[in-house]
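> Please see the structure below; I have some questions.
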Amino acid sequence: RPRVLSGIQPTADSFHLGNYLGAVRNWVAMQETHDTFYCVVDLHAITMGHDPALLRQRTRVAAAQLLAAGLDPERCTLFVQSHVPEHPQLGWIMGCITGFGEASRMTQFKDKSAKQGVDRASVGLFTYPILQAADILLYQADAVPVGEDQRQHLELTRDLAQRFNRQFGKTFTVPEAYIVRDTAKITDLQEPTAKMSKSASTPAGIIELLDDPARSAKKIRSAVTDTGREILFDPAEKPGISNLLTIYSALSGRSVAELVEAYVGKGYGDLKKDLAEVVLEFVRPIQERTRVYLDDPSQLDKLLAVGAEKARAVAAVTLQTAYDRVGFLPPV
Ligand code: TYM
């Protein structure tokens, strides 16, 4: 079976629909066909300043949500990044073959550091994509299911794998980004040309899986739509309605064409009302299952410990090979 690795940051109280539709949904599906490794990337979550107690809580909530969304610890390896010290260890080596200019060109770093101001942005934020490359390469992943916003980081990962292999001998599998086009960029409900994001300018633009469904329904009802009245899928001319149709289609399993057909002669309000219902039906069981996992944190922690052990068994072998290729003297 081909190998998969992906990660998600525990930087919010809940995942949003972009995280779910762009990534997590595919993680769940790939358990059937791939050998899957999924991690909650807490090391990445401290690059922009954080609260320690909140991070610990959010790490558990993230793991619980992933299980509630359909990750099965019998079929995938689910773990917390900081439990596997090989990640930052390989990260150091990858950093030493990354160009300073190359890292400076990462658009996510440029955006986030510009927002924070160069004196407040951390070096950890700068080296973030290098650690991400290490996450992936440690597991010899063939495929990395992510949303569109991670494409550039995946390109860097491929470049670094190839560079290391050329310089020190074939060591790493060169991974492919696995990006499902239809749901690769779910957009903000208030600003339908920008991606739905944890750092959105207004909470009204994002639908959180764990949020009160009544609030989510309200956000959907007040989503920015487009001029005109017809319900058509046209991301360039009608980004608001097209985003709602994308979400509706992905959550209901009905094709966009079928939905457009079903809403001929109806208005935006009808579509929003029905979509709110679909979202409600979707989040309800996820919220219930998340609560069950969080009610028994010691069981959850045990599950993550098992995952970490399975992950380490793979990561340690790759790191050992990389250390050897680089020329580190083995301890006796
Ligand atoms: P993060 O935590 O920001 O997001 C998790 C996943 O959700 C996807 N995503 C979206 N997809 C579609 N539409 C959106 N609006 C949307 N917003 C977020 C992201 O593309 C991502 O797949 N750097 C990564 C975490 C990471 C990682 C890794 C990923 C660390 N190491 C190794 C893969 C492999 C990140 O910030 O994800």
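> Please give the calculated 222 nm ellipticity per residue for the chain, where each DSSP H segment of at least 4 residues contributes -39500 (n - 2.57) and the sum is spread over every residue; nearest 500 deg cm²/dmol? If you can, show how the numbers build up before the last one.
Working: 12 runs with 170 residues, N = 332.
Taken over the chain, the calculation gives -16500 deg cm²/dmol.
> What residue among THR246, THR98, THR157 has the largest mean-square fluctuation in a Gaussian network model of the chain, using Cα springs under 10 Å?
With Cα springs under 10 Å in the chain, the top fluctuation among THR246, THR98, THR157 is at THR98.
> Using alpha carbons only, how many angstrom separate the centre of the range 267-313 from the centre of the range 162-232?
Cα centroid to Cα centroid, the span is 18 Å.
> How much FRET efficiency would the formula 1/(1 + (r/R0)^6) give for GLU258 and PHE328, where r is the Cβ-Cβ distance and R0 is 41 Å, rounded to 0.05?
In this case the efficiency is close to 0.10.
> Given a 10 angstrom Cα cut-off, can you work out which residue in LEU137, LEU271, LEU54 is the most mobile in a GNM of the chain?
Judging by the Gaussian network model, the answer is LEU54.
> Can you give me the distance in nm between label points at GLU102 and VAL292, each placed 7 Å from the Cα along the Cα-to-Cβ direction?
Distance between label points: 4.6 nm.
> Now, a different point. Could you give each residue of the range 294-306 its phi-based ³J(HN,Hα) in whole Hz, using Karplus coefficients 6.51, -1.76, 1.60 with θ = phi - 60°, and x for Gly or Pro?
Computed from phi, the couplings for the range 294-306 are 6, 5, 10, x, 5, 5, 4, 4, 5, 4, 6, 5, 5 Hz.
> Leaving out ligands and nucleic acids, and using a 1.4 Å probe, what accessible area per residue does the range 19-64 come to in Å²?
37 Å²
> For the chain, take the longest principal axis of its alpha carbons; what is the angle in degrees between that and the long axis of helix 86-96, to the nearest 10 within 0 to 90?
Orientation of helix 86-96: about 80 degrees from the principal axis.
> Moving on to the next point. Heads up, I need the accessible area for SER201: 1.4 angstrom probe, whole protein in place, Å², nearest 10.
Surface accessible to solvent at SER201 totals approximately 100 Å².
> Ok, one more. Which order do PHE172, PHE109 take when ranked by solvent-accessible area (1.4 Å probe, heavy atoms of all protein chains), largest first?
Values: PHE172 0, PHE109 40 Å².
Putting PHE172, PHE109 in descending order of accessible area: PHE109, PHE172.
> A follow-up question, please. How much length is gained on full extension from ARG284 to ASN165, taking 0.36 nm per residue of separation minus their Cα-Cα distance? Mind showing how you got there, number by number?
On the way: separation 119, 0.36 × 119 = 42.84 nm, distance 4.69 nm.
Contour length minus the Cα-Cα distance gives 38.1 nm.
> Further question on the same structure: At 7 Å along the Cα-to-beta-carbon direction for both TRP92 and ASP51, put a label point, then send me their distance in nm to one decimal.
Those two pseudo-labels are separated by 3.3 nm.
> Extension gain THR321-ARG75, at 0.36 nm per residue separation less the Cα-Cα distance, in nm? It would help to have the intermediate numbers written out before the result.
Details: separation 246, 0.36 × 246 = 88.56 nm, distance 2.67 nm.
Contour length minus the Cα-Cα distance gives 85.9 nm.
> Follow-up. Computing the accessible area with a 1.4 Å probe over protein heavy atoms, can you report the carbon and sulfur percentage for the range 172-297?
Values: 3340 of 6610 Å².
Using a 1.4 Å probe with all protein chains present, the range 172-297 comes out at 50 percent carbon and sulfur.
> Determine ³J(HN,Hα), in whole Hz, for all residues of the range 157-169 in sequence, where each value follows from phi through the Karplus function 6.51 cos²θ - 1.76 cosθ + 1.60 and θ = phi - 60°; x replaces Gly and Pro.
Couplings: 4, 5, 4, 5, 4, 5, 5, 4, 4, 5, 6, 10, x Hz.
The values are calculated or read from the model by the stated rules, or taken from the named source; none is laboratory data. Since the structure is predicted, the reported quantities are computational estimates derived from the model, not experimental observations. Please note: Cβ atoms are built from the backbone with ideal geometry, for glycine as well, and neighbour counts cover all protein chains shown. The protein model used for the area step is the full one, side chains on, heavy atoms only, and it has no ligands, DNA or RNA in it. Shrake-Rupley method; radii C 1.70, N 1.55, O 1.52, S 1.80 Å.
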